[in-house]
1. Shortest first and in nm to one decimal, what separations exist between residue B:27 and its copies in the other chains, measuring from label points 7 Å along the Cα-to-beta-carbon line?
2. Averaged over B:85-98, how many beta carbons belonging to a partner chain fall within 10 Å of each residue's beta carbon?
3. Taking the label point as lying 7 angstrom from Cα along the Cα-to-Cβ axis, what are the distances from residue A:89 to the corresponding position in the remaining copies, in ascending order and in nanometres?
4. For a quick size check, give me the Cα extents of the range B:2-84 along its three principal axes, largest first, whole Å.
5. For label points placed 7 Å from Cα toward Cβ, what is the shortest-first list of nm distances from residue B:55 to its copies?
6. What relative contact order, as a whole-number percentage, does chain A give when Cα pairs under 8 Å and 6 or more residues apart are counted?
7. Please give the FRET efficiency for residue A:76 paired with residue B:36, using the beta carbon to beta carbon distance and R0 = 25 Å, rounded to the nearest 0.05.
8. Can you put B:63, A:58 in order of Cβ neighbours within 10 angstrom, beginning with the fewest?
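Just so it is clear, none of the values below were taken in a lab; they were calculated from the coordinates. Since the structure is predicted, the reported quantities are computational estimates derived from the model, not experimental observations. With ideal geometry, Cβ positions are generated from the backbone for all residues, glycine too; neighbour counts draw on all protein chains shown.
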C-alpha cells in the first residue's frame, strides 16, 4: 500500500468553494481502480491549508492509472484552480522498523 | 482528534541509524497522555525523507503535554540530531465536508 500525500494551499477566501468542490470530486477518486481510502483535513496553523491523504494499492494505481484516466481531467477541472502554489505530491510506503 | 504531521529529512546516510533510534523512541510517544496512534513512513521520491503522523486526542496533548514533558527531552536526544533541516510540524483536524 502506498500513501499519497499532498499539502494543498487554497487561494485565500476560497476555502468554502474548495470544500464544496472537493465533496463533489471525492467520488471521482473513490471509484478508481486501486483506490483504497482517502481523507481531507484542515490545518490548525494555516487557515487556507489542507492535507490530502490517499491510500492506493500500488504507486502506479495513482501515477499511471488515475493520472492517465479521463476521470483525472474532471478532477483537475474541479480542483486545480483553487491551488496557489500548485502542490507537490509525494508518496510514502510503510516501514518495517528494526526490533529493539 | 488532531493529526500531527511532520516531514522529516534525515541527514543522508543516516537512515539506518535513524530507524533504529525511532524504533526505540516510539515507545516514549506511545506512552504519553492523549496519544492515540502513530505511523512512520518512508518517501518514495526522496530517499532520506520520512513522514511522521501522530494522532492525539487534542492539540494540547501534543503541544503542551508531550512537549512540556520530561519524556520529550529523551525523544529530542534520540531523534533531533538526525534532522537537517529541522522539521516544521503542523496539526490537522478532520473536516465535515458539505453534502452534495
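1. Label point to label point, same position, other copies: 5.0 nm.
2. Numbers: counts 0, 0, 0, 1, 1, 7, 6, 12, 5, 4, 9, 2, 7, 7.
Across the residues of B:85-98, the mean count of other-chain Cβ atoms within 10 Å is 4.
3. With the label placed 7 Å along Cα→Cβ, residue A:89 yields 2.9 nm.
4. Principal extents (Cα only, largest first): 33, 23, 18 Å.
5. When each copy's label point is compared with this one, the spacings are 1.0 nm.
6. 45 percent
7. The pair residue A:76/residue B:36 has a calculated efficiency of 0.15.
8. A:58, B:63
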